[in-house]
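First up is the structure itself, then whatever we jot down about it.
The values are calculated or read from the model by the stated rules, or taken from the named source; none is laboratory data. Keep in mind the model is a prediction, meaning the values are calculated, not measured. Ligands, DNA and RNA are stripped out before the accessible areas are found, and what is left, the full protein with its side chains, is counted by its heavy atoms. Shrake-Rupley method; radii C 1.70, N 1.55, O 1.52, S 1.80 Å.
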Amino acid sequence: MKKILSLSLACFFGVGAFAASEVYYIRANGEFGKQLSQMAKDYAKNNNAHVDVFVDEDPRVFKDTRIIKSGVDRKGRYSVSLGKEVYMKDCASCHGQAAEKRMGGLPALKDMSAEDIEDSMISYRNDTEFGGSMRSVMQTKARALSNNNLGAIIAYLKGKNAFASEENLDENRPVSTEKKQGSYLR
């Protein structure tokens, strides 16, 4: 057990030395997690390095501080790795590993913009008539999906700067008068 622990820490810190700008998250439970975190703290102390240890908290989760939390915080920094994890667990079985599958006659997620994905999820949450033949499945999924996880999935599918194309989020924007199913004012 100690050999495996030592070997995993050696790999962890060896990789960290070559890629100082990258951050690695390791999930370890129980006694092994305690030992691993203590070894990391000791290593950091002895080598004048910095390490953050998170207990029972996923450091990839974006802390949304908005008063009204409707949809994705477009200024938020969402975790691509969390998005991949949630997408693979909750979405890939229907939408495909690369978001290439078309469900219920609707466009594939890979062909939709970040805004379209967000708008669709909000519509599934709020409009019982929105969606194609798979609407009952998606309505349940959309209601169970947090805004944080939605933002992370969009970051995974469309990139961290998926909403960066918008010029200035604080300025008023023209409101579309186009009528389409599931369209809501923001």
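Which entries of LYS75/LYS141; LYS45/LYS84; LYS34/LYS160; LYS84/LYS141; LYS101/LYS158 show an alpha-carbon separation above 21 angstrom in the structure shown?
LYS75/LYS141; LYS45/LYS84; LYS34/LYS160
Could you give me the ³J(HN,Hα) list for the range 123-131, computed from phi with Karplus coefficients 6.51, -1.76, 1.60 and θ = phi - 60°, whole Hz, x at Gly and Pro?
Per-residue couplings from phi come out as 5, 4, 5, 10, 10, 5, 9, 6, x Hz.
Calculate what fraction, in whole %, of the accessible area of the range 63-156 sits on carbon and sulfur atoms when a 1.4 Å probe is rolled over the protein chains.
Here it works out to 55 percent.
Leaving out ligands and nucleic acids, note down the accessible area per residue over the range 90-150 with a 1.4 angstrom probe, in whole Å².
Roughly 51 Å² per residue, with all protein chains present.
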